[in-house]
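S.K.: Here it is, the structure, as structure tokens.
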Amino acid sequence: LRFPQKLWKMLESSKFQSIWWTEGGKCVAINKDLFEVEVLGREGQQVFHTQKIKSFMRQLNAYGFTKMQRNFQRSASLPEFLAEEAAASAHSQILYYYNPSFNRAHPWLSEMCKRR
């Protein structure tokens, strides 16, 4: 299978907790630390031909995925701000990627994901 097909199967599988669809199936979310253990650290059963997250991210980029930034609304009160900061730092382990041709509602578009 090509990289986009492997990624799609992984997203649709219930076996993996480290990667999922977001934004109504328009973005891919990856819990970086968990993904490194759960997917890239598998002995003898590698899904992708790498054990490094940077190589996986290069593959995403090579197939036209772009990294998305998450913007959080900040509260004006100090206690709420500090609580939001703690949540945002936990959220920083989650990477978001978008490709207009990789959409859960339109699986046939994934065929348009070509390596650059």
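S.K.: Work out, step by step, the length gained on full extension between residue 2 and residue 93: first 0.36 nm times the residue separation, then minus their alpha carbon distance; give nm to one decimal. Intermediate values should be presented prior to the final figure.
M.R.: Numbers: separation 91, 0.36 × 91 = 32.76 nm, distance 2.64 nm.
Extending this stretch completely gives an extra 30.1 nm.
S.K.: Still on this model: If you take the beta carbon distance between residue 51 and residue 78 as r and set R0 to 41 Å, what does 1/(1 + (r/R0)^6) give as a FRET efficiency, to the nearest 0.05?
M.R.: Working: r = 43 Å, r/R0 = 1.04.
Result of the calculation: an efficiency of 0.45.
S.K.: What ³J(HN,Hα) values, in whole Hz, does the Karplus curve 6.51 cos²θ - 1.76 cosθ + 1.60 give for the range 26-33 when θ = phi - 60°, with x put for Gly and Pro?
M.R.: Result, ordered by residue: 9, 10, 10, 10, 10, 7, 3, 5 Hz.
S.K.: Calculate one ³J(HN,Hα) per residue across the range 111-116 by plugging θ = phi - 60° into the Karplus curve 6.51 cos²θ - 1.76 cosθ + 1.60, and present them in order as whole Hz with x for glycine and proline.
M.R.: 5, 7, 6, 10, 5, 6
S.K.: Please list, in chain and number order, the residues 5+ apart from residue 94 or on another chain whose amide H is under 5 Å from its amide H, with Hs placed from the backbone.
M.R.: Those qualifying (amide H under 5 Å, at least 5 residues apart or on another chain) are 32.
S.K.: Step through the table entries 15/114; 26/114; 6/54; 32/67, compare each Cα-Cα distance with 21 Å, and write down the pairs that go over it.
M.R.: Working: 15/114 26 Å; 26/114 18 Å; 6/54 17 Å; 32/67 13 Å.
Long pairs (Cα-Cα over 21 Å): 15/114.
S.K.: Can you figure out the FRET efficiency of residue 108 with residue 21, using R₀ = 22 Å and their beta-carbon distance, to the nearest 0.05?
M.R.: Values: r = 16 Å, r/R0 = 0.74.
Calculated transfer efficiency: 0.85.
Computed from the coordinates by the stated procedures, all read-outs in this text should not be read as laboratory data. Here the structure is a predicted model, which means the values were calculated and not measured. Virtual Cβ from ideal backbone geometry, glycine too; neighbours counted across all protein chains shown.
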